[in-house]
Amino acid sequence: MIIYNLFPLLAGPARNWQPHLARAAGMGFDWVFINPVHYPGVSGSLYSIKDYFRFNPLIVDAAKPQAAVAEFKAMTAGARALGLKLMVDLVVSHCAFDSDLVKQHPAWFRQENGRIVHPSCREEGGKVVTWKDLAQFEHQHSRDPEGLFQYLLLVVEFLVDLGFEGFRCDAAYQVPEPFWRRLIGETKRKHPGVVFLAETLGCSPRETAQTAKAGFEFIFNSSKWWDYSSPWLFEQYNLTRETCKSVSFAESHDTPRLAEEVGGNMAALKAKYLFSALFSAGVMMPIGFEFGFRQRLHVVKTRPQNWEETGVDLTAFITNLNRAKADNPVFQEDTPTEVLPVQNPNILLLWKGSLSINQEALIILNKDPHHEQHFYTHNLYEYVQAPGPLTDVSPEYPLEYLPTPYEYGLRPGQGIVLVTGKSKPS
């Protein structure tokens, strides 16, 4: 899955999404992920859902329900015509505190001392954050578990009917595994092509591994925070890669913009997206990354007026990289992956080997986004088991001929991508 996150509050009304969809398709993305489109509660947050069967008026402002559905379906038809599949957030761990569901079905909600519980989490540093605009569903000890399940199954059906073929399941680890197993199973019996992804950021690797077993095809991994050297990323990756595939990202709607974090260094953006795209089976990129946007996306405050004019355009780089991913099965799996030793500590040398076909890959990445770094080996083929040849499918400056010995001065943040047995022509 090569996923483009169209953040609806930045993109504006759905009737205006066609240029964004066309740009995503042109860059080689095959999925577009859209954050919640439902009618929000009083806080206005995309993730505080008051009515699951009405649209957020900032996304679809048609007055009549039938007209609103027709307007949204016109957008989904336009996406399909571009060869794109659509994915949406599925929020089943909570709803808006001011939703009518709270009064109509109190048995569906977690309660303490007779009061509905607000979801909370513990952030780094031990601070507990409570979202007072949300009401926590009670999946485990509900007095009406069947009623809650059937209601949320109807939500899934409503979204599938709109044209969505995938679900990013928000805070999936907060919902019991039996619920997911049943929801995924019943949905797939009617709609076998629908794909479920688990959002598991913030939970432990063991919780992630347990959630992955509930029938999800993909989980999201934590490669964004990897420092290119610590062992923890591969430890987490190996816990789940035989259970389901994973999706990497250089930034998301929940994180600061990477361009802001690195002070506008485009070499650092390129390096991080290259690693994210090629490390795991899937990759996700939010709208604006391709232009080096620096203003963080906000689930309440962002508006189309926040579109930035940066003078940056990484679309050609991203297009070439996405093509390399789409052309080579080794980059479409969570494969056996190993960091190989090199003399220059500023160089990352990564080996990957496909489990589905006879294909291997070498990624040579300059971890330094500020300075050129030198890489040398007397023979590239000592790093692969296949006899070759190795083909350079790098997004920039690919070489038609790979000499032996091989030496290269990598530009700041530059990545060299080599594969054996390239499967399709670019």
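Against the conditions (1) open to solvent by less than 10 Å² (accessible area, probe 1.4 Å); (2) out of contact with any Leu (no Cβ under 7 Å at 6 or more places or on another chain); (3) within 29 Å of residue 263 (Cα to Cα); (4) not in a helix (DSSP H, G or I), where does residue 322 fall short? Just the number, please.
(4)
For segment 280-310, which residues satisfy the criterion of being more than 26 Å from residue 352 (Cα to Cα), of a type in the set (Ser, Thr, Tyr) and crowded, with 23+ Cβ neighbours inside 10 Å?
Result: no residue meets the conditions.
Given the conditions (1) buried (at least 17 other Cβ atoms within 10 Å of the Cβ); (2) at pLDDT 95 or above, and given that residue 244 satisfies all but one, which numbered condition is not satisfied?
(2)
If residue 28 passes every condition in (1) under 19 Å from residue 298 (Cα atoms); (2) open to solvent by less than 50 Å² (accessible area, probe 1.4 Å) but one, which one does it miss?
(1)
Go through 251, 207 for me and flag whichever is part of a loop (DSSP other than H, G, I, E, B), of a type in the set (D, E, K, R) and either in contact with a helix residue (DSSP H, G or I) (Cβ under 8 Å, 6 or more places away or on another chain) or closer than 28 Å to residue 75 by Cβ (or both).
One residue alone meets the criteria, 251.
Mind counting the residues in segment 366-387 that are farther than 10 Å from residue 344 by Cβ and either of a type in the set (Gly, Ala, Ser) or open to solvent by less than 100 Å² (accessible area, probe 1.4 Å) (or both)?
So the answer is 9.
Can you give me the number of residues within segment 56-100 that are among the hydrophobic types (A, V, I, L, M, F, W, C), touching a residue at least 24 places away in the same chain (Cβ under 8 Å) and open to solvent by less than 60 Å² (accessible area, probe 1.4 Å)?
The number of residues fulfilling the criteria is 16.
Here is a list: 158, 167, 234, 179. Which entry is in a helix (DSSP H, G or I) and either touching a His at 6+ places or on another chain (Cβ under 6 Å) or open to solvent by less than 10 Å² (accessible area, probe 1.4 Å) (or both)?
179
Within segment 365-376, is there a residue that is without any contact (Cβ under 8 Å) to a residue 60 or more places away in the chain and aliphatic (A, V, I, L, M)?
Checked against the condition, which is being without any contact (Cβ under 8 Å) to a residue 60 or more places away in the chain and aliphatic (A, V, I, L, M), segment 365-376 yields no hits at all.
Which of the residues belonging to segment 1-50 are within 17 Å of residue 314 (Cβ to Cβ) and assigned to a loop (DSSP other than H, G, I, E, B)?
Across segment 1-50, the qualifying residues are 27, 28, 29.
In segment 390-426, what residues are open to solvent by 90 Å² or more (accessible area, probe 1.4 Å) and either closer than 19 Å to residue 338 by Cα or not in a strand (DSSP E or B) (or both)?
397, 400, 401, 411, 424, 425, 426
Taking residue 132, is it of a type in the set (D, E, K, R), in a loop (DSSP other than H, G, I, E, B), open to solvent by 70 Å² or more (accessible area, probe 1.4 Å) and over 30 Å from residue 29 (Cα atoms)?
When the stated conditions are applied, residue 132 passes them.
So residue 276 passes all but one of these: (1) modelled with pLDDT of 95 or more; (2) in contact with an Asp or Glu (Cβ under 8 Å, 6 or more places away or on another chain). Which condition number does it fail?
Condition (2) is where residue 276 drops out.
Just checking, which of 278, 355 is among the hydrophobic types (A, V, I, L, M, F, W, C) and in a loop (DSSP other than H, G, I, E, B)?
Residue meeting the stated conditions: 355.
Suppose we keep only residues that are crowded, with 22+ Cβ neighbours inside 10 Å and not hydrophobic (A, V, I, L, M, F, W, C) within segment 37-49. Which one would you say is farthest from residue 9 (Cα to Cα)?
Ranking the qualifying residues of segment 37-49, first place goes to 48.
On the basis of being under 22 Å from the mean Cα position of the chain (by Cα), modelled with pLDDT of 95 or more and of a type outside the set (Asp, Glu), does residue 73 make the cut?
Considered against the rule, which asks whether it is under 22 Å from the mean Cα position of the chain (by Cα), modelled with pLDDT of 95 or more and of a type outside the set (Asp, Glu), residue 73 comes out as no.
The values are calculated or read from the model by the stated rules, or taken from the named source; none is laboratory data. Computed from a prediction, not measured in an experiment: that's the story for all the values here. All Cβ positions, glycine included, derive from the backbone under ideal geometry; neighbour counts span all protein chains shown. In case anyone asks, the SASA skips ligands and DNA or RNA and just uses the protein heavy atoms, side chains included. Shrake-Rupley method; radii C 1.70, N 1.55, O 1.52, S 1.80 Å.
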